[in-house]
Each structure stands twice: as structure tokens, then as C-alpha cells.
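J.: I have a structure here, written as C-alpha cells, and I will follow up with some questions on it.
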Amino acid sequence: MLAPAVIYVIALVAVPFFLAIALSLSEATVGNPAIQQFVGLDNFISVVHDAAFMFALRNSIIITVATLALLTILTILQVELLARDFPGKRLAQILLILPWAMPVALAAVGWLWLLDSEFSPIDWILRAVGLLGPGTVLGPANNLFYLGREWLGIGAVVIINVWRTLPLSTIIVLAGRTAIPNELFEQAELDGAGYFRILFQITLPALAILLTVAILFTVLVIFGDMTVVALTTRGGPGYTTEILPYWAYLKGIQGGALSQGAAIALFLFPVLLAVSILALRMAYRRQE
């Protein structure tokens, strides 16, 4: 009975993993992918001494942490909203889950339009209310060039990541929120507890495990994914918004250095492994 699972793990997990290790210790390239000459840790040392490595590592950490912070706050707000009855609740639920159901390519087109360097509707609104343009707070230019500036580009990636992962975290946490007996909230209100006291002393402690699970799964999605950066900033300007997965792709596939691309990708492994183990432990604790 375990044979299919063993075959799956060997074929889709073990083989690619050990192949990546072998590539990272070799001189394999796209032109000559044969793993023949081993060079030890030279590829790891080479990528660490590359100036782009620190940018990619820094950006991966900043984007992941900022996404988690903003995502946690918005998840709590959204769950608190959806846990209550109000007119149009069904429509609100559908709208809130749309980002998760939308194809990545379609979402990218929408965000590229919103952040366009000339025709961004966000810039148009800012100009209309007098916040952007010559002599204004955000001026003097008429556009902010979101994807052409280092920190605006990183901020844009964070916002898009939050937008696309918020539905998943909300669904995970909302399941726990609706399972809390209403009698607890009614009793707290009778005892004179306000909204924030109920939130911090009843709701959040009851949702702690599910929130942690949602956060850990988000780390897995964000830290190891390059989709948003590849479709928006493409690592620019220069390499100031690159992240480790995208840099591994640029080095290994576009640059042809398979061995260095594998070495960069393996820097992600310890973090993703630790988060995966924590996520599984929290999920099992929830079941207990």
C-alpha cells in the first residue's frame, strides 16, 4: 500500500533534490549539462561573493516579512468582517476570493496596468487629488514609476503578494473563527468587555494555531516563488529587486550556468524545510 507513496517521493522529491545537489557541485552548463567534473563548494562561494546575492537575499527576507505582517493584519480584519452577518455578504465572499481564483497571467496584466509608468490610474487619482505632480508632496514628476524604482518596486511586489495570498489565509482562519461558540462572545459582552478586549483575549488566542498555519504556508508560497517579480519588476532596476528564486532562474536558465543556478536555489532549502516542518507540526497540533 505504501508503494505509490514511496514511488512518488522518490520520483518527484528525492531525485530532483539530489540532482540539484549534484549540479551545484559540478561545472554543468546549459550547453553541457553532463555532471562530470565536480568542483566542491566553488559554486556556492562564487554566488555568495556576487554583489547580486546580498540584494537577492535581502529582498527575499524583506518581501516575505513585510508580506506576512500586512497579511496577518488584513486576514484578521477580513475574518472579523466575514464572521458577521450583513447585507451582500455572499457577494463580498465571492469578491474576496477572486484573487485566488484568477489566473496569474491575467492578474499580472491587471497589475502592470495599475502600475504603468505612464498610464497608471493610481497616478491619475493622486494627480487629481493634488498629491502628485510639480509642487506636490509626491512630485515633481507626474508619475511615480512604481516598477522602475527600487523601494517602490519592492513595495509593489509586497502588495501583489498580499493581494493574491489573502483569500487563502482568510479561508484557513475563517474556519476556526466560525467554530468559536457565540456564547463566549455573548458572555463577554454581558460582562462589559469591549471589542478589542474580546479580540485580544478570546478571538486571537483561539485562532493562534490557525493563524500560525496560515502564516507558515504563506512563507512557503512567498519565499520560494518568483512569479510576481518575474512578471512585474523583472528584478530591476539593475538587480535591486531580485529575489533568490528569480536570481537562480536568471543564472541557471537564462545565463546558462546550471551549476550556479542550482547552488542559489539550494540556499532556499533550509528555510523552506524548517517552515514545512513547523507547518506540519502546527497542523497536527490543530487536529489533536
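The values are calculated or read from the model by the stated rules, or taken from the named source; none is laboratory data. This one's a predicted model, so the numbers in the text were calculated from it and none came from an experiment. A quick note on method: Cβ atoms are made from the backbone with ideal geometry, for glycine too, and the neighbour counts reach across all protein chains shown. Accessible surface areas use protein heavy atoms only, side chains included; no ligands, DNA or RNA. Shrake-Rupley method; radii C 1.70, N 1.55, O 1.52, S 1.80 Å.
J.: Quick one: Ala105 ticks every box in (1) at pLDDT below 85; (2) of a type in the set (A, V, I, L, M); (3) farther than 30 Å from Gly238 by Cβ bar one, so which box is it?
T.: Tallying (1) at pLDDT below 85; (2) of a type in the set (A, V, I, L, M); (3) farther than 30 Å from Gly238 by Cβ, Ala105 fails exactly one: (3).
J.: Could you list, in sequence order, all residues of region 236-270 that are under 21 Å from Ser117 (Cβ atoms) and open to solvent by 50 Å² or more (accessible area, probe 1.4 Å)?
T.: Of everything in region 236-270, those that are under 21 Å from Ser117 (Cβ atoms) and open to solvent by 50 Å² or more (accessible area, probe 1.4 Å) turn out to be Pro237, Gly238, Tyr239.
J.: With the requirement that a residue be in contact with a Phe, Trp or Tyr (Cβ under 9 Å, 6 or more places away or on another chain) and touching a residue at least 24 places away in the same chain (Cβ under 8 Å), what does region 81-113 give you?
T.: If the condition is that a residue be in contact with a Phe, Trp or Tyr (Cβ under 9 Å, 6 or more places away or on another chain) and touching a residue at least 24 places away in the same chain (Cβ under 8 Å), then Pro99, Ala107, Trp111 are the ones that fit.
J.: Only one residue in Leu77, Leu70, Leu96 is part of a helix (DSSP H, G or I) and modelled with pLDDT under 90. Which one?
T.: Going through Leu77, Leu70, Leu96 in turn, just one is part of a helix (DSSP H, G or I) and modelled with pLDDT under 90: Leu96.
J.: Which of (1) open to solvent by less than 60 Å² (accessible area, probe 1.4 Å); (2) in a helix (DSSP H, G or I); (3) of a type in the set (A, V, I, L, M, F, W, C); (4) over 22 Å from Leu272 (Cβ atoms) is the odd one out, the single condition Ala28 does not satisfy?
T.: Ala28 satisfies all of (1) open to solvent by less than 60 Å² (accessible area, probe 1.4 Å); (2) in a helix (DSSP H, G or I); (3) of a type in the set (A, V, I, L, M, F, W, C); (4) over 22 Å from Leu272 (Cβ atoms) except (2).
J.: Determine, yes or no, whether Ala52 is at pLDDT 90 or above, surrounded by 11 or more Cβ atoms within 10 Å (Cβ to Cβ), closer than 29 Å to Ile159 by Cα and not aromatic (Phe, Trp, Tyr).
T.: No; evaluated as a whole, the condition is false for this residue.
J.: Residues that are open to solvent by 20 Å² or more (accessible area, probe 1.4 Å) and modelled with pLDDT under 85: find the helices (runs of 4 or more DSSP H) completely inside region 192-235 holding 3 or more of those.
T.: Hits in region 192-235: 204-223.
J.: Next question. Which members of region 123-133 meet the condition of being in contact with a helix residue (DSSP H, G or I) (Cβ under 9 Å, 6 or more places away or on another chain) and in contact (Cβ under 8 Å) with a residue 12 or more places away in the chain?
T.: Scanning region 123-133 gives Asp123, Leu132.
J.: Exactly one of these conditions fails for Met282: (1) open to solvent by less than 40 Å² (accessible area, probe 1.4 Å); (2) within 27 Å of Ser46 (Cβ to Cβ). Give me its number.
T.: (2)
J.: While we're looking at this one, here's another question. Looking only at residues in region 80-92 that are in contact with a helix residue (DSSP H, G or I) (Cβ under 8 Å, 6 or more places away or on another chain) and either crowded, with 17+ Cβ neighbours inside 10 Å or charged (D, E, K, R) (or both), which one is modelled with the lowest pLDDT?
T.: Checked region 80-92; the qualifying residue modelled with the lowest pLDDT is Lys89.
J.: Of all residues in region 99-134, how many are open to solvent by 70 Å² or more (accessible area, probe 1.4 Å) and part of a loop (DSSP other than H, G, I, E, B)?
T.: Of the residues in that region, 6 qualify.
J.: Would you point out which residue out of Ile202, Ile209 is of a type in the set (A, V, I, L, M, F, W, C) and touching a residue at least 60 places away in the same chain (Cβ under 8 Å)?
T.: On inspection, the qualifying residue turns out to be Ile209.
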